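The values are calculated or read from the model by the stated rules, or taken from the named source; none is laboratory data. Worth saying up front: this structure is predicted, and the values here are computed from it rather than measured. Because the Cβ atoms are built from the backbone with ideal geometry, glycine has one as well, and the counts that use them run over all protein chains shown. Ligands, DNA and RNA are excluded from the accessible area calculation, which covers all protein heavy atoms including side chains. Shrake-Rupley method; radii C 1.70, N 1.55, O 1.52, S 1.80 Å.
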Amino acid sequence: MGKYLIAILTFLVATPAIAQIPYYAGTAGEGKMYGYSSLKVRPGINSQETYTTFQYGVTDHLDTGIDLYTGPDCSYWGGLLRYGHKISKWYNIGGEVMSSFDLNKSFKFSYLTTGLYMNGAITSDSRLFWCSNTWWIVNHDAPFGFSNYEYLGYNIPLKRKRSITPLVGAIHSWKFDKDIDLAFGVYYTFNNWNLYLWSNDILTSNPRVVIGLDFLL
């Protein structure tokens, strides 16, 4: 069950410019469709965000897809390519390149995101696992940035191909020039679906709370 959950979680995605949830090295697989949608809120302030993406497996290791992000007074459409390779259960590596365009400015190019994803098992049963995300974001009219996310997760198997997985992690810039952002969440897996609750910016006065759902068909 631990291996099953990690396989499902490898397909979780979110727009890299505002990503908090962990990205994994896996892809959807040839001929399969992956979909994901989430709502992000900050209780106490008017700052709702939504994110939706669909990705199709061109090969077992390569996906292509589109996404849509909306936030307060902004909306972006993106096109992406994603690659992943499983070396062993202890180490997997993948990456993604995505161009995003501003729908409020006549489809003007806004930013290019490159992500390096690594993950693997810590214990032989794969229930305890790790992942690392490295981001390079090039903005059209702002300085580019580097950041890194590190996470630990633990799978708790349930009956009927279901499970719960809590994760904890840290988000920081490569320069370590500001406070490290702590993040945590929990995923409920049932068949080919994941329902999760996630939070980051938890040390601020208005933490971000994310409710999301994804599937693989």
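Structure values in brief
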| read-out | value |
| --- | --- |
| Cα-derived Rg over Rh, computed across segment 13-125 with Rh taken as Kirkwood radius | 1.02 |
| R0 of 25 Å, Cβ-Cβ distance Lys159-Trp193: FRET efficiency to nearest 0.05 | 0.95 |
| Helix-only CD estimate at 222 nm, as mean residue ellipticity for the chain, using -39500 (n - 2.57) per DSSP H run (n ≥ 4) | -1000 deg cm²/dmol |
| Computed FRET value (nearest 0.05) for Leu81 with Ile45, which takes r as the C-beta separation and R₀ as 30 Å | 0.30 |
| Cα coordinate range in segment 99-217, projected on the principal axes (Å, largest first) | 50, 34, 31 |
| Mean projection area, nm², convex hull over Cα of segment 1-216 | 11.7 |
| Positive-pole candidate from Thr189, Phe107, Gly84, dipole of the chain, charges at beta carbon | Thr189 |
| Solvent-accessible area, 1.4 Å probe, carbon plus sulfur percent, for segment 1-216 | 65 |
| Count of Lys pairs (Cα-Cα under 16 Å; at least 8 positions apart or interchain) in segment 1-216 | 4 |
| Å² per residue, accessible surface of segment 13-93 at 1.4 Å | 44 |
